[in-house]
Structure formats: structure tokens, C-alpha cells
Amino acid sequence: MSPFNFRRRAAARLARVVDFRLNERVHPLEQRLRHQEDCTDDHRRRLDALEAGIEQLRGDLRWTDNELERLMPHVAAQDARIESLREQIALVPHADKPELAEARSLIEEVQRQHAQIRVRLTGIARYEHRLRALEEQAAVTVGE
């Protein structure tokens, strides 16, 4: 047996022992690394979904804001109309019964419409408040 061959076999055996000992320590770390990569991928997917949801909410909020801006003049006009009708009723007590009934029915109709508009605006305000809360919650979640 030549000393060169003996050295090669000893080096190979020593390398196998070192490889085995290193693999014992590296294998769990590789598993943890794969697990963390999977978690990171999952978090990226979830973050992308949340960002898409936030963009959808921002679009809804812009739409709601535009609708609110569009409806506000109508509500103001309804308020003015109701107030003018109240003044007319207070100033004209000398009407006959059919005219009073017609005026009252008109006032009731305007009040009903006004109440419906108020309900819609309240719903819009609640929707905006909820959207704002969701955006804040999403911003906190993204910030973490």
C-alpha cells in the first residue's frame, strides 16, 4: 500500500466524517430556511391581496365622495323648499280645506323625500367612516 493511497483514503474518510457532522447541523437550518421562504411567499401574496383591496376601497371612497358632493346641493335645495313651504303655511291661514290638504300632502311628500335623502347621506357617512377605519387598519397592518 502506497503512502499516497493511504493519505487519499484517510482524507476521504475524514471528509465524510466532517460532511456528516456538518450535514447534521446544516440540515435543520435548511429546513427552517425553506419554511421561512414559504412564509415570506405567503405573506407577500397576502400583502398583495391587501394592497389590491385597499385600492378598491380607495376607489369606492372616491366614488362615495363624488356622490356626496353631487347630492349635497340637492339636499340644500330640499331644505330650502321645506323652509319656504313652512313659511307659506304659517303666512296663509285663510285657505279652504282642499288647498290646505293639498299643501299638507305636498309638505309631507317633501318631508318624506328629505328623510330619505337624510337616510342615504347617513348611510354614505357611515360607509365612509367604515372605509376610513379599514384603510387605517390596513395601513397599520402593512406598516408592521
Quote the FRET efficiency, to the nearest 0.05, computed for Asp19 versus Arg45 with a Förster distance R0 of 25 Å and r equal to the Cβ-Cβ distance. 0.10
Relative contact order for region 3-143: what percent, with Cα pairs under 8 Å and sequence separation of 6 or more? 37 percent
Kindly express, to the nearest 10 degrees and within the range 0 to 90, the angle between helix 3-91's C-alpha long axis and the longest C-alpha principal axis of the chain. 0 degrees
Give me the distance in nm between label points sitting 7 Å out from Cα along the Cα-to-Cβ direction at Ile89 and Ala10, one decimal. 11.3 nm
From DSSP H assignment alone, runs of 4+ in the chain each adding -39500 (n - 2.57), the sum over residues rounded to the nearest 500 puts [θ] at 222 nm at -36000 deg cm²/dmol
Over all directions, what mean area does the Cα convex hull of region 3-143 project, stated in square nanometres? 14.0 nm²
Using the alpha-carbon centroid of each, what span in Å lies between region 106-130 and region 1-79? 47 Å
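Read-outs: derived from the displayed coordinates by stated rules, not from any lab. Treat the numbers as computed from the prediction; the structure is a model and nothing was measured. Cβ coordinates were reconstructed from backbone atoms using ideal geometry, including for glycine residues, and neighbour counts include every protein chain displayed.
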